[in-house]
Each structure stands twice: as structure tokens, then as C-alpha cells.
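Asker: Okay, here's the structure, questions in a sec.
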Amino acid sequence: MDSETTRKQNSLIIGTRASKLALAQTNKIISTLKKSYPEIHFQLKQISTTGDKHKTADLSKLGRGSFVKEIERSLLSGVIDIAIHSAKDLTSHTPEGLHIAAFTKREDPRDIQINKWGLPFDKLPPNAIIGTSSTRRASMLLSKRPDLKIKPIRGNIETRILKAKNNDYDCIILAAAGLIRLNIESQITEYLPLEIFVPEVGQGSLAIQTRENDLYSRKIISALNHLESAICVTSERAFLQIIGESCTYPVTAYTTVTNNMLEINAIALSTDGTNKISFTQKYNSKDPVKAGAEMGNKLLEKFRLLEDTNTKK
């Protein structure tokens, strides 16, 4: 038995971001793993990512993957054995040499809003200042309320909540899953409806990566895979892979499973929310990749038709 095999059978290094939320998520997973594998020492390694280092930068300019790339590099180089990410932070394509060994059970995928008045979204005052750095959320907000003023916001969840309670912002938009995992869901003013505020691809689930050729770690992590969540997120990621850079609108898809059928809701909006492509379709759940890809192609077709119509005006 070589020294690497011996080390791996006694210790596994798990890498994640250094944020309070990332650490809470990862420590919960480590606790679960320890129950099944008490003989293995699971070591947590905090890794600072581009998104963490550039705390005031516009996230849309940093690009997708700004919270995962450094962690993935550490995994590829062997610095860590396992990487834990929020699935919504992943790029649409898994880097060569890496493998997503598990998607955890999806937490509540909805977006939420917190405002200092405790008002529902449709009762917010005219021209309210809304804090979000997500172009997807901004587009959906403006689609429903063109009067709203969108203002970028950065920082951890607690910092953003504090900003929502002073005069910097009237309201902020966050993912419900983060507040639930930190046990601070009491701060939520309102859960936003899924049919209007369609979540980011993968939102609510954690993605656990290993190296593709690391069969030992893959076997250990595979037990954490939640099949229904994996099917849903896999279809959403297949959708995103097809879209790529072809659609200039903020775009997302959300999948649910009922009676072995996938229902995929796809949406693309112009950044000001004035133009929208939205549709829902059902597929057999046996091939989520094919289903997501078909939805991606359908959305691209509708997007090109919209572009042609706008060009002719």
C-alpha cells in the first residue's frame, strides 16, 4: 500500500470558502461524514477566492465562477481532496479532471426580501432602493416594478441585513437557503414566488467535487448525493451549458420532479426587465441532461426570434 493511499484512508482535506455560510455548510457535511466514517480524519481548509478578495467589485464583471475557481485549482493540484461549493456558484462546465460526486438535498430554492418596514414586495414605496448584485434578480425586480432603483450590494449575509435596516437600502434580496442554513430565517420579510422570481441554476443545493480519478473520495461522497436534487440541478446545468454566451439576457432555469416527470421553467429577461422570454415544459426524468439541453435550445430559438423582431422595428 503506497503512502498516498495510506494518507487518504486516514485523512481527507475538504476545501471551501472562508465565509461564515460556507464554513457552516461544510462543517455540517463533515459532521455527517464523521458518523459514517469515524476512522477518517476530515480536515477543513479555508480558501480565499477571487470573489472574496474583490469585496467591492461588481459580481457581474467578475464573471461566473469567481467563488469557485481557486478552490477547484486546489483540488486539481492535490492541495485538497474534496471541494464544497454552493451549486449556484459553479460555472456551467466542470473543469477537466474534476467530478461532481454529489448534489446535496436542495434547501428552499426561493429568493427572499428583507425590508425595514416589514412590507410585502408589492407594497414597497415608489422608487424604493433595492440591494442586489445579481443581474438576474435586478431584471426580475424591474420586470414587476420598473420604478425600483437597483443598487449593488456586497458583503456577507449579516452585513447585508444590517444595511437593509439602516438608510443605505430600503430592501435587499437574498437566497433563502443561506439564511436557513445560518438559522436566521426569522429575519426574512417575505419569500418571493418561484413562478415570478425564478431561482439561479442550482440555488439551494451544495455541489461536492472530487478529482475524477479519485475513486476513494468519490465513493465516500456519493452517499451524500440526493437523487431528486441531483436530477433537477443536472437538468438546469445542461440548460445553462447550451445557453453559454449565446443569450445576452440574464437567464436561468428551475426544475422540479413530480411523478417521474421534470417540469422546467426557463426565463430570460433584458437587464431593464422590459423584454422577457418565459416558458415551462415537462420531460421524462430519465434523461435530465437531454431535457435541460432541449430547454436551452428552445430558449435560444425564442431569443433569436425576439432579436429579429426588435431588429425589424
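Asker: So, Ala253, is that one more than 21 Å from Thr135 (Cα to Cα), at pLDDT 95 or above and of a type in the set (A, V, I, L, M, F, W, C) or not?
Answerer: It is false that Ala253 is more than 21 Å from Thr135 (Cα to Cα), at pLDDT 95 or above and of a type in the set (A, V, I, L, M, F, W, C).
Asker: Looking at (1) within 28 Å of Ile80 (Cα to Cα); (2) within 19 Å of the chain's Cα centre (by Cα); (3) hydrophobic (A, V, I, L, M, F, W, C), which one does Ile221 not meet, given that it meets all the others?
Answerer: Unmet condition: (2).
Asker: Among the residues of the stretch 104-120 satisfying the criterion of being part of a loop (DSSP other than H, G, I, E, B) and farther than 30 Å from Ile208 by Cβ, which is farthest from the chain's Cα centre (by Cα)? Reasoning before the result, please.
Answerer: Restricting attention to the stretch 104-120, the residues satisfying the condition of being part of a loop (DSSP other than H, G, I, E, B) are 104-110, 116-120.
From the residues that got through so far, the ones that are farther than 30 Å from Ile208 by Cβ too are 116-120.
Working: Lys116: 26, Trp117: 28, Gly118: 26, Leu119: 26, Pro120: 24 Å.
Looking at residues that are part of a loop (DSSP other than H, G, I, E, B) and farther than 30 Å from Ile208 by Cβ, I get Trp117.
Asker: Of these, Ser139, Ser74, Ser92, which one is of a type in the set (Gly, Ala, Ser), assigned to a loop (DSSP other than H, G, I, E, B) and either in the same structural domain as Asp214 (by TED's automatic domain parsing) or in contact (Cβ under 8 Å) with a residue 60 or more places away in the chain (or both)? Explain how you work it out, then say what you get.
Answerer: Numbers: Ser139 fails: assigned to a loop (DSSP other than H, G, I, E, B); Ser74 fails: assigned to a loop (DSSP other than H, G, I, E, B).
After applying the criteria, what remains is Ser92.
Asker: Inspect the stretch 171-178 for any residue being under 23 Å from Thr104 (Cα atoms), among the small types (Gly, Ala, Ser) and touching a strand residue (DSSP E or B) at 6+ places or on another chain (Cβ under 7 Å) and give the result as yes or no.
Answerer: yes
Asker: So, one more: For the stretch 121-136, enumerate the residues that are in a loop (DSSP other than H, G, I, E, B) and free of Cβ contacts under 8 Å to residues at least 24 places away in the same chain. First the steps, then the outcome.
Answerer: Keep residues of the stretch 121-136 that are in a loop (DSSP other than H, G, I, E, B), which gives 124-128, 132-134.
Answer for the stretch 121-136, where residues must be in a loop (DSSP other than H, G, I, E, B) and free of Cβ contacts under 8 Å to residues at least 24 places away in the same chain: Pro126, Asn127.
Asker: So which residues in the stretch 193-217 are of a type in the set (A, V, I, L, M), assigned to a loop (DSSP other than H, G, I, E, B) and surrounded by fewer than 21 Cβ atoms within 10 Å (Cβ to Cβ), if there are any at all? Write out each step before concluding.
Answerer: Residues of the stretch 193-217 of a type in the set (A, V, I, L, M): 194, 196, 198, 201, 206-208, 215.
Subsequent filtering for residues that are assigned to a loop (DSSP other than H, G, I, E, B) retains 194, 196, 198, 201.
Correct list: Leu194, Ile196.
Asker: Identify the residue in the stretch 158-179 that is assigned to a helix (DSSP H, G or I) and more than 15 Å from the chain's Cα centre (by Cα) and, among all such residues, is farthest from Ser133 (Cα to Cα).
Answerer: Step one: list which residues in the stretch 158-179 are assigned to a helix (DSSP H, G or I), which gives 158-165, 176-179.
Applying the additional criterion that residues be more than 15 Å from the chain's Cα centre (by Cα) yields 158-165.
Values: Glu158: 16, Thr159: 14, Arg160: 11, Ile161: 14, Leu162: 16, Lys163: 14, Ala164: 14, Lys165: 18 Å.
The qualifying residue farthest from Ser133 (Cα to Cα) is Lys165.
For (1) within 24 Å of Lys34 (Cβ to Cβ); (2) touching a residue at least 40 places away in the same chain (Cβ under 8 Å); (3) of a type in the set (Gly, Ala, Ser), each residue gets a yes or a no:
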{"position": "Ile184", "(1), (2), (3)": "no, no, no"}
{"position": "Ile188", "(1), (2), (3)": "no, yes, no"}
{"position": "Glu200", "(1), (2), (3)": "no, yes, no"}
{"position": "Ile208", "(1), (2), (3)": "yes, yes, no"}
{"position": "Gly244", "(1), (2), (3)": "no, yes, yes"}
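Matching residues to (1) surrounded by fewer than 16 Cβ atoms within 10 Å (Cβ to Cβ); (2) in contact with a strand residue (DSSP E or B) (Cβ under 7 Å, 6 or more places away or on another chain); (3) closer than 25 Å to Ala293 by Cα:
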position	(1), (2), (3)
Lys69	no, no, yes
Ser86	no, yes, yes
Ser92	no, no, yes
Ala102	no, yes, yes
Arg110	no, yes, yes
Thr132	no, yes, no
Arg154	no, no, no
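Asker: Quick check: is even one residue across the stretch 176-189 surrounded by fewer than 15 Cβ atoms within 10 Å (Cβ to Cβ), modelled with pLDDT of 95 or more and assigned by TED's automatic domain parsing to the domain that holds Gly97? Talk me through it step by step, then tell me what you get.
Answerer: Step one: filter the stretch 176-189 for residues surrounded by fewer than 15 Cβ atoms within 10 Å (Cβ to Cβ), giving 183-184, 186.
Still in the list and also modelled with pLDDT of 95 or more: 183-184, 186.
Narrowing further to those that are assigned by TED's automatic domain parsing to the domain that holds Gly97: none.
Checked against the condition, which is being surrounded by fewer than 15 Cβ atoms within 10 Å (Cβ to Cβ), modelled with pLDDT of 95 or more and assigned by TED's automatic domain parsing to the domain that holds Gly97, the stretch 176-189 yields no hits at all.
Asker: Any idea how many residues of the stretch 95-122 are of a type outside the set (A, V, I, L, M, F, W, C) and over 17 Å from Ala230 (Cβ atoms)?
Answerer: Adding up the residues that qualify gives 12.
Asker: In the stretch 34-52, how many are under 23 Å from the mean Cα position of the chain (by Cα), more than 20 Å from Ala177 (Cβ to Cβ) and surrounded by 19 or more Cβ atoms within 10 Å (Cβ to Cβ)?
Answerer: 1
Asker: To continue, here is another question. Mind telling me which of the residues Ile173, Ile196, Ile153 ends up being farther than 29 Å from Ser77 by Cβ, outside the structural domain of Lys69 (by TED's automatic domain parsing), without any contact (Cβ under 8 Å) to a residue 24 or more places away in the chain and in contact with a Lys or Arg (Cβ under 7 Å, 6 or more places away or on another chain)? Outline the logic, then answer.
Answerer: On the way: Ile173 fails: without any contact (Cβ under 8 Å) to a residue 24 or more places away in the chain; Ile196 fails: without any contact (Cβ under 8 Å) to a residue 24 or more places away in the chain.
The unique qualifying residue is Ile153.
Asker: Sort out which residues of the stretch 8-29 are buried (at least 19 other Cβ atoms within 10 Å of the Cβ), in a helix (DSSP H, G or I) and in contact with a strand residue (DSSP E or B) (Cβ under 7 Å, 6 or more places away or on another chain), and write them in order of number.
Answerer: Ala22, Gln25, Thr26, Ile29
The values are calculated or read from the model by the stated rules, or taken from the named source; none is laboratory data. Everything numeric in this text was worked out from a predicted model, so none of it was measured. For neighbour counting, all protein chains shown are included, and Cβ atoms are generated from backbone atoms with ideal geometry for every residue, glycine included.
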